[in-house]
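The next block holds one structure in the form of C-alpha cells; read it before the comments.
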Amino acid sequence: MVLRLFNTLSRRVEDFIPLSPPRVSMYACGPTVYDAAHIGNFRTYLLADILLRTLTRAGYQVTYVQNITDVGHLMGDGDVGEDKVLEGARREGLSALEISQKYLALFVEDGAKLNIIPPAHWVKATEHINEQIAFIKALEEKGYAYHTSDGIYFDTFRFSHYGAPAGLDVGGLLEGARVPKNAEKKNATDFALWKFSQKTSVPVLPVGKRAMEWDSPWGVGFPGWHIECSAMSTHYLGEHFDIHMGGVDLLLHHTNELAQNEARFGHSAVNYWVHNEFVLVDGKKMSKSLGNTYTMSDIEKRELSPLAYRYLTMQTHYRQQMNFNWDALTAANNARERLSRIVRDAPSGGMAPEKSLAAFDQKICNDLDTPGALEVLWSVCRQDSLSPAEKRAFALSADEVLGLGITKSEEKEIPKEVRELARQREEARQDGDFSAADALRKKIRQLGYTVNDTLEGPKLLPL
Ligand code: AMP
Ligand code: ZN
C-alpha cells in the first residue's frame, strides 16, 4: 500500500514518505471551545480520522496530536476582533474555564458519535503556557520578535520566505479596511506572539481584567493564537514531524505557524500539509458568523444517525467543497442502513475477495479517495457471484478504514410482538393458509414493519 497525499506545500499529490517509518507523527488544529462545534468543523476531524485509519492499515504506527484552543484569542485578521472564549463565557454566565470545559466535553462526545478515534494527546493551550513563552523567547533571541505597546509581534519581513511555502499571496493577506490598523506593527502581515492584558493600542479587549492571563518576561497577558500550535506540536512531536492538518481557512494560521517553526529551528518543520475544503449550506460556507450552522444534536433531533453524516462526508472528496442539506443526509442514512443490513443479515466466516480489497486500498491510498472507496464497497455488495458471507467480510474490512460502524445499526430492536406475529405468519404460510398469512402481514405493517421473504427465510424490516 503506497499512500499518496496532496501536499499544500507543493500543490501536488506526492508519495507519502514518513521521516522515521513505521512511526508517523500527525498534528491537527483542533477546536476553539467556546460553543458547540458545527458539523462543518467535524469534516476536518473526520478527515483526520480517515487518514489515521488509512495510515494504520498501511502498517504505520501513528502518534496523533490535536490541540484544544481554550485561550480566548483575538481571531480577527491582524490580531484584533472578538475574544471568543470570553464572549462565550459572558453569553452563558460562566467562567472562561467552565465554558471551555463544557464545550470540550461536548466536542469529545460528538466525536465519539461520529466514530472518530481520539488522538493520542489532546493538548490544551492553557496547559502549555510555559512552552509558548519559551518558543517566543527563542524567536526573540533570534531577532524575529519586536515590542509594541500592546504586545510582542513576529516580524514577517525578517523571515525571508514568509508565505512562500504555502504559495500564499502575501499582498492578499494584508489587513482589510474593516480591521483597524495597528500603527505600531512594522508590516501588515506581522502577527502577535504575546498580547498584553491591559495596554492595548486597539480598543477591542473587554473592559477590565481578562479572565485568562499569565505572567511572562514581557508583562502580564496571553499568547497569540499561532504560537500555541507551534509550541505544542514541537513539544509532542518534535522539531520536524510528518503531517499537519486543518481546514482551508487555516492557511494563514498555518503560514504563521510555519514561519515561527522555521524561524526558530532554521529548517523545515512539517513535511505534508493537508487541508480539507468547506462544508457549505446553499452555496455559502457553514459558519457561526453566517448563522447557518448545524450541530450533531440537530442531526439527532431528526432521528438520523451521526454516522450518516460521516457517510455523507465520504461521498465527496475532501479537497472539494461539500454542500449540506437534509435530503442528502437522509439518503446517506439510508445507504448506511442498507450496508448495516447486508452485514447483519449475512453469516460470518466468509473471506473477503482479495482483488476487491486491493481495489479498495488503491482508492483510499490515492489521496484518500473516499467516494471511490465507497464505490468499490457497493460494487462488491452488488456482485451476484459473491456469497453474503464474502460480502460481509469485505464490508467489515472496508469499515476498518471508513469507520461507518456498520456492525452497529441504529435500527430499533424489533419488538417481541412483531417477531411473534412474523413467526405465526411463517407458520401459516408453511401450512398453506395464505389468507391468515396475509392478515398477519397486514398487522405487522400496522406496527411499522414489513416482512421480506428471502432465500434464508423471512426478514423483518422497518417501514
Ligand atoms: P475552529 O473551531 O473555528 O478553529 O475550526 C475548527 C476546524 O474546522 C478548522 O480546521 C476549520 O478549518 C474547520 N472548519 C471551519 N468551518 C468549516 C466548514 N464550514 N467546513 C469545513 N471545515 C470547517
Ligand atoms: Zn493550529
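Applying both filters, DSSP loop and at most 16 other Cβ atoms within 10 Å, to the trypsin sites (Lys or Arg not before Pro) of the range 238-328 gives R302, R319. Largest accessible area first, the residues D399, D327 order themselves as D327, D399 under a 1.4 Å probe with ligands, DNA and RNA left out.
Please say if the range 416-462 is rounded, prolate or oblate, where rounded means a/c under 1.5 for a ≥ b ≥ c the square roots of the C-alpha gyration tensor eigenvalues, and otherwise the choice is prolate for a/b larger than b/c and oblate otherwise? Taking the square roots of the gyration eigenvalues as a ≥ b ≥ c, the range 416-462 is oblate.
Accessible area per residue for the chain, computed on protein heavy atoms with a 1.4 Å probe, is 44 Å². How many lysine pairs does the range 284-402 hold where the Cα atoms are under 21 Å apart and the two sit 8 or more places apart or on different chains? Counting lysine pairs in the range 284-402 gives 4. For the chain, the relative contact order comes to 16 percent (Cα pairs under 8 Å, sequence separation of at least 6). Each of M296, M1, G93 was placed along the dipole of the chain (beta-carbon charges, centred on the mean Cα), and the one lying farthest toward the positive end is M296. Among the protein heavy atoms of the range 416-462, carbon and sulfur supply 49% of the accessible surface, probe 1.4 Å, non-protein parts ignored. What shape does the range 1-155 take by its C-alpha gyration tensor, where a ≥ b ≥ c are the square roots of the eigenvalues and a/c under 1.5 counts as rounded, a/b above b/c as prolate, and the rest as oblate? Because a/c hits 1.5 or more and a/b fails to exceed b/c, the range 1-155 counts as oblate. Annotation: the range 17-59 has a Kirkwood hydrodynamic radius of 12.1 angstrom, from the mean reciprocal C-alpha pair distance. For the range 269-349, the square roots of the Cα gyration tensor eigenvalues, ordered a ≥ b ≥ c, give a/c of at least 1.5 with a/b no greater than b/c, which places it in the oblate category.
Rounded to the nearest 10 degrees, the inclination of helix 96-113 to the longest alpha-carbon principal axis of the chain is 30 degrees. Ordered by 1.4 Å accessible area with all protein chains kept, K442, K391 run largest first as K442, K391. Checking every one of the chymotrypsin sites (Phe, Trp or Tyr not before Pro) in the range 229-316 against DSSP loop status and a limit of 13 other Cβ atoms within 10 Å picks out no site at all.
Against the main long axis of the alpha-carbon atoms of the chain, helix 326-345 sits at an angle near 50°. Put a plus charge on the Cβ of each Lys and Arg, a minus charge on the Cβ of each Asp and Glu, and nothing anywhere else: the dipole of the range 284-402 about its Cα centre is then about 400 debye.
The trypsin sites (Lys or Arg not before Pro) of the range 93-145 meeting both criteria, a DSSP state outside H, G, I, E and B (loop) and at most 14 other C-beta atoms within 10 angstrom of the site's C-beta, are K142.
For K185, a cut-off of 28 angstrom between C-alpha atoms picks up these lysines, skipping any fewer than 8 places away in its own chain: K84, K137, K142, K195, K199, K209.
Here the calculated FRET efficiency for R445 and Q321, from their Cβ-Cβ distance with R0 = 25 Å, stands at 0.05, rounded to the nearest 0.05. Longest segment of the chain with no GluC sites (Glu not before Pro) in a DSSP loop having at most 11 other Cβ atoms within 10 Å? Between exposed loop sites, the widest span is 1-302. Per-residue ellipticity at 222 nm, computed for the chain from helices alone with -39500 (n - 2.57) per DSSP H run of at least four residues, works out to -13000 deg cm²/dmol.
Rolling a 1.4 Å probe across all protein chains gives L461 an accessible area of roughly 30 Å².
Placing one equal scatterer on every Cα of the chain and applying the Debye formula, the log10 ratio I(q)/I(0) at q = 0.06 Å⁻¹ is -0.33. Computed from label points 7 Å out along Cα-Cβ, the spacing between L94 and D431 is 6.1 nm.
Taking Cα pairs under 8 Å and at least six residues apart, what relative contact order does the range 416-462 come out at, in percent?
32 percent
The values are calculated or read from the model by the stated rules, or taken from the named source; none is laboratory data. Please read all numbers here as calculations on a predicted model, not as lab measurements. Virtual Cβ from ideal backbone geometry, glycine too; neighbours counted across all protein chains shown. Just so you know, the surface numbers come from the protein's heavy atoms only, side chains and all, with ligands and any DNA or RNA stripped out. Shrake-Rupley method; radii C 1.70, N 1.55, O 1.52, S 1.80 Å.
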